[in-house]
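**Q** Here it is, the structure, as structure tokens.
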């Protein structure tokens, strides 16, 4: 509208020159002013109500993303390397860890695109660049969400049924394939304009699915992707972790009752319970990552639902960029959570990368030593 208004003024004559200059200045200082006219349909009218973002904001965001990119590449790269090549970590359960790291690395691939966009202060590649950026974000985000649900299911099965509940590698491979198929529909549909589409958001240097277009089709799409990529994984995660914690409490209660009957303080000094303790520590790692997932994606879910059904005045460019940055931050934090809490992973880091300063003894060696020591003590007592 502003460009047409300027063109109409130019036809009036020399007396309109001051007004023409004012109109052009207004256009050039609103979001989207530097996008060519043939690509103006990419920018929703909502964003045109905000002043263009200072180049220093763009540069600051580029710097943040550059640091996140390095952190994610190093952290997730080490996770894939350690979990993929260590004999002690070559289990079906840890295949899900590698899968999550791959999704996190895929989200990292967005970061170079945003850094380039930030220096140009617009989308490079326009619709194609927007689609590539959004496809990477959608596939990694939805895939990471459902992978967290699969990890919760695996932890529940492993700890609640330690003898016959463990998932084998064939089952793990099928579940990993399931996570990729789960992420595909709401990634492909907008990319090919079958249902929904990808558009710029925030500073107009990032892209996501369209949640602003005011029609029934868009609203239904937003509601469906909200349920598919957020509500269902969240429900599954909450259910499996609640069942897991219930099973752990029940097991501890049974141990306490059995210890009282045997007139001993604890029954935990054997290899099976030491191994179970390690599994519980790993479950705590998984739960921590789930908590980070909630912190990362709940604000973004709020933004999209507000854009489709709520008060859009709340969605300023900065307000919509903060949740996007949070998602990237969590994809970088995930591998370091494993480094801090996963006992076998820490043991491998101690052996392979001692310069990181991680100190952890091998849990399997500790369990064996404890078991042998207990057996020797019993033998001595019997003698």
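**Q** Of 68, 73, which residue is assigned to a helix (DSSP H, G or I) and buried (at least 19 other Cβ atoms within 10 Å of the Cβ)?
**A** Going through 68, 73 in turn, the sole match is 68.
**Q** Here is a further query. So residue 164 passes all but one of these: (1) over 24 Å from residue 321 (Cα atoms); (2) in a loop (DSSP other than H, G, I, E, B); (3) touching a residue at least 24 places away in the same chain (Cβ under 8 Å). Which condition number does it fail?
**A** Condition not satisfied by residue 164: (3).
**Q** Out of 186, 192, 178, report the one residue that is touching a strand residue (DSSP E or B) at 6+ places or on another chain (Cβ under 9 Å) and either under 13 Å from residue 42 (Cα atoms) or without any contact (Cβ under 8 Å) to a residue 60 or more places away in the chain (or both).
**A** 186
**Q** Can I ask one more? With the structure loaded, tell me whether residue 173 is surrounded by fewer than 23 Cβ atoms within 10 Å (Cβ to Cβ), touching a residue at least 40 places away in the same chain (Cβ under 8 Å), more than 30 Å from residue 67 (Cβ to Cβ) and over 24 Å from the mean Cα position of the chain (by Cα) or whether it fails that test.
**A** no
**Q** Turning to a different aspect of this structure: May I ask you to list the residues in the stretch 112-155 that are within 18 Å of residue 77 (Cβ to Cβ) and surrounded by fewer than 23 Cβ atoms within 10 Å (Cβ to Cβ)?
**A** Scanning the stretch 112-155 gives 112, 136.
**Q** Taking the stretch 113-128 as the search range and keeping residues that are in a helix (DSSP H, G or I) and touching a helix residue (DSSP H, G or I) at 6+ places or on another chain (Cβ under 7 Å), which one is nearest to residue 294 (Cα to Cα)?
**A** 114
**Q** Further question on the same structure: For the stretch 88-130, give me each residue that is without any contact (Cβ under 8 Å) to a residue 24 or more places away in the chain and at positive phi.
**A** Of everything in the stretch 88-130, just one residue is without any contact (Cβ under 8 Å) to a residue 24 or more places away in the chain and at positive phi, namely 125.
Every residue, every condition in (1) in a helix (DSSP H, G or I); (2) at pLDDT below 90, yes or no:
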site	(1), (2)
225	yes, no
236	yes, no
243	yes, yes
247	yes, yes
260	yes, yes
266	no, yes
288	yes, yes
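**Q** Within the stretch 211-223, how many residues are surrounded by fewer than 21 Cβ atoms within 10 Å (Cβ to Cβ) and in a loop (DSSP other than H, G, I, E, B)?
**A** 4
**Q** Another question about this same structure. Return the only residue of 318, 333 being under 15 Å from the mean Cα position of the chain (by Cα) and either closer than 23 Å to residue 67 by Cα or free of Cβ contacts under 8 Å to residues at least 40 places away in the same chain (or both).
**A** Going through 318, 333 in turn, just one is under 15 Å from the mean Cα position of the chain (by Cα) and either closer than 23 Å to residue 67 by Cα or free of Cβ contacts under 8 Å to residues at least 40 places away in the same chain (or both): 333.
The values are calculated or read from the model by the stated rules, or taken from the named source; none is laboratory data. Given the structure is predicted, the values throughout are model-derived calculations rather than measurements. Using ideal geometry, Cβ is built from the backbone for each residue, glycine included, and neighbour counts are taken over all protein chains shown.
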